[in-house]
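One structure is given below, encoded as structure tokens.
Here, each number is a calculation from the coordinates, and none is a lab measurement. Keep in mind that what you see is a predicted model, and the values were worked out from it rather than measured. FYI the Cβ positions are ideal-geometry reconstructions off the backbone, even for glycines, and counts take in every protein chain you see.
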Amino acid sequence: MNRRNFLRTSLIGGVGMSLIKPTNLFASPTSNYHSPAIEKLSKVALTTGDHRADLVFRALQPFAQQIKKAIGRRRVILKPNNVIIHRQLAATHVDTLEGVLEFLKSIGITQNIVIAESAANGPTLDGFENYGYNRLTTKYKVNLIDLDSQPFKKLYVADEKNLRPHAVRFSSMLLDKDSYIVSVARMKTHDRVTATLSLKNIALGAPIKDLGYGWGAYARKQGTVNDKPIVHGSSFKALHYNLFVLSPILHPHLAIIDGFEGMEGNGPNDGTPVDHRVCVAGLDWLATDRVGMELMGVDYSKVAYLNYCAEAGYGIGDLDKIEIVGEPLSKHIKKYKLNDNYEKQIII
């Protein structure tokens, strides 16, 4: 099945599945529910330098007025990417979060800010402590929240094995229309979708697990479950599809990708470091992820879910329609070594 036919089939299937209750997963992208403001030309900022906090602070400057207006009185949620809780290279660095907090402070946003995550492999708050996030609570008026302990809503995703809808608990905070979602991701390769950037950080960070769930060295309480694997849909194809259908309601309002030290090879957990010293930010998450892919030397045309989103009009994926401010893109591209199973990931 080619990409165009797959997309057409997906949209037809989405219309049918939108009748499933209690929650409509397949929300219209034209609704006001987390609908991105996409223009004919999207702007993405690219900065380089020797300090993470400074990189992100400068990357956000071109959007200062738009961000302040969009936040208004809404709660600001900084969503790091802490897929595991014990390896810094795989997680969002505290200095990157501090750069975001300093920027928010500079535009007068100092209240109602949280750092929220549902780590995949262990207690979220343990990860926050391991990565030094606790020091931010004393310097800024920010709360650290484990999404696994918060309310959730059930949405439905597809599974390739039986094509039936499967219920998943998703964080209510990340679905709340009164939340301003900031994806603070790290530039990493991935074992299922080539690279993990801003959208995936939100869409696959929103499913929650029971408190006490863990594996490996982390004791798992008997009977606890983790809803995150359900979204993977038992195949690469289903995961790309689920990311596509989740994106209208689970995407960031502000996308930040920290590439100061990226990860290549067998990411998102076991890769090796790349000294890249870049940061990318934008209000159009798709355009921001597109630039991130380019910086990593990734063939965007082979990353299915981003192409589906671009074809559906959820953002700008055409590099010719993206205005890059700051550093020239061509001077900062590094060819990342991809995951060992990359060829199996290509579905278009």
DSSP beta bridges in the stretch 3-345: the antiparallel percent, rounded to 5, is 50 percent
Tell me, 173, 296 in order of fewest to most beta-carbon neighbours within 10 Å?
-> 173, 296
From the square roots a ≥ b ≥ c of the eigenvalues of the alpha-carbon gyration tensor of the chain, which class results: rounded (a/c under 1.5), prolate (a/b over b/c), or oblate?
-> rounded
Put a dot 7 Å past each Cα toward the Cβ at residue 102 and residue 342; how far apart are the dots in nm?
-> 3.4 nm
So, counting K/R as plus one and D/E as minus one, what does the shell of residues with Cβ under 11 Å around residue 227 add up to?
-> +2
Whole-Å distance linking the alpha carbon centroid of the stretch 136-193 with that of the stretch 227-271 is 11 Å
Rounded to the nearest 500 deg cm²/dmol, what is the calculated helix-only ellipticity per residue at 222 nm for the chain, with -39500 (n - 2.57) per DSSP H run of length n ≥ 4?
-> -8000 deg cm²/dmol
Would you mind calculating the gained length between residue 164 and residue 110 on full extension (0.36 nm times residue separation, minus the Cα-Cα distance), in nm to one decimal?
-> 15.0 nm
The stretch 42-160 -> Rg/Rh from Cα coords, Kirkwood Rh, value 0.99
Take the alpha carbon gyration tensor of the stretch 202-342, find the square roots of its eigenvalues, order them as a ≥ b ≥ c, and report rounded if a/c is under 1.5; if not, report prolate when a/b exceeds b/c, else oblate.
-> prolate
Trypsin sites (Lys or Arg not before Pro) lying in DSSP loop within the stretch 114-201, provided at most 16 other Cβ fall within 10 Å = 141, 161, 177
How do 124, 138, 189, 288 rank when sorted from fewest to most other Cβ atoms within 10 Å of their own Cβ?
-> 138, 124, 189, 288
Using R₀ = 35 Å, calculate the FRET efficiency as 1/(1 + (r/R₀)^6) where r is the Cβ-Cβ separation of residue 211 and residue 301; round to 0.05.
-> 0.25
Calculated FRET efficiency for the pair residue 69/residue 153, C-beta based, R₀ 25 Å, to 0.05 | 0.35
Take the alpha carbon gyration tensor of the stretch 254-310, find the square roots of its eigenvalues, order them as a ≥ b ≥ c, and report rounded if a/c is under 1.5; if not, report prolate when a/b exceeds b/c, else oblate.
-> oblate
For residue 204, the net charge from surrounding residues (Cβ-Cβ under 13 Å; K, R +1; D, E -1) works out to +3
Centre separation in Å (Cα based) which lies between the stretch 70-132 and the stretch 197-212 = 13 Å
Hey, can you rank 83-96, 315-328 by average C-beta count inside 10 Å, highest first?
-> 83-96, 315-328
